[in-house]
Amino acid sequence: MDKFEKLISKPHLEGPKQQHYVPRFYLEGFTSDDALSVFDRAKGEIRERQLPKNVAKVGHLYTFQDKEDRKRFDLEKLFDLIEGEAAPILKSLASGDRISSAQRETFALFLGLAAVRTPAAIEEAGSVYAGFVKTRSRLILADERRALKILRKMSGAGPDEVLLREQARDVSKMARDEYHDLDVKVDPQFAFLRSLETWHIVAEQLFERDWMVLHAAGNDQSFLTSDSPIVLLSTSTATRALPIGYGSPHAQILFPLTSTCALVAEGSLGRIGRSDIEADALRRYNMTVAQDCHRFVMGGNSDLVESITTELGLARTKRQPKSSVEVWSRKEADGSVSAGAYVKRKGA
């Protein structure tokens, strides 16, 4: 029986109440004297000497209740398994060692998980779902004929047609006029599961990319990371306005590996390369990572954390959603108009 089969062979009813959404072993790679400096975007302050075990965690983020009302820690155990497999591969990448195709696949799973398990990703998934609910309501109810059809079904036999038509007009007008004021609440655990559904899709896209491992050239230079360590952005200013996804040809993915090296994924040939990174490029990398944080920016160098976050003006700001739900429409051959919705995402 392999590790995964053993994992799913029984329910896991015990586990930590406080659960890391950025792995502890990963955070340890950014410490100085075993501690981190942590910038809090919401409070606009830097906390010194923070131990990785106390950073980037929240109560019962991945715990769920089963049909017997038991607390289940199966996801936390699964994530522990992925992290355990990924930890030595990360060390190999940082050391400049070659990795096998199987190791690359395992690490791509870890990267994909890092992209979908964080509060930022969960918030994004909830925002997208809420956007679809709002847009669907608008598309259906703003059409008076469709609203009337729905009201007829709800009214049963012998409805007052005049009254129904008046109600349909009122509903349609409300849908058009008050669409932007509609507040859709999404359960955080539901949003997390929506985000988790994309895990393997993201991992497959990352597996196929070219990976470049960038190494800081001097001992006085270092990389930072954040509570949203996977950053998706466009490869050039010319493509910045285009919608983007992990499979987009113009996408570039950043992931700091340790304080001394970081990953850039782009292209589509599945190659791995290495290069030193100059000081100016390293600072731009750190600024991009910090800008995309949900709440926390972390690193071993307190002066660097302060310099980057101050230059960006992150104090007491809030991360804005990267995804929005847009409406499409087209005219059919019979003259009717079809409409629907799609997700549009912009890069960092």
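Computed from the coordinates by the stated procedures, all read-outs in this text should not be read as laboratory data. The model shown is predicted, which means the values in this text are computed figures rather than measured ones. Quick reminder, even Gly has a Cβ in these numbers, built from the backbone with ideal geometry, and neighbours come from all protein chains shown.
Quick notes
- The order of PHE25, PHE255, going from fewest to most other C-beta atoms within 10 Å of their C-beta, is PHE25, PHE255.
- Among the trypsin sites (Lys or Arg not before Pro) found in region 229-309, those both in a DSSP coil and sparsely packed, with 14 or fewer other Cβ atoms within 10 Å of their Cβ, are ARG240, ARG271.
- Length-normalised contact order for region 6-137 - Cα pairs under 8 Å, 6+ apart - percent: 24
- The residues neighbouring SER234, those whose beta-carbon lies less than 9 Å from its own, together hold a net charge of +2 under the Lys/Arg +1, Asp/Glu -1 convention.
- Under 13 Å, Cβ to Cβ, from PHE255 - net charge with Lys/Arg +1 and Asp/Glu -1: -1
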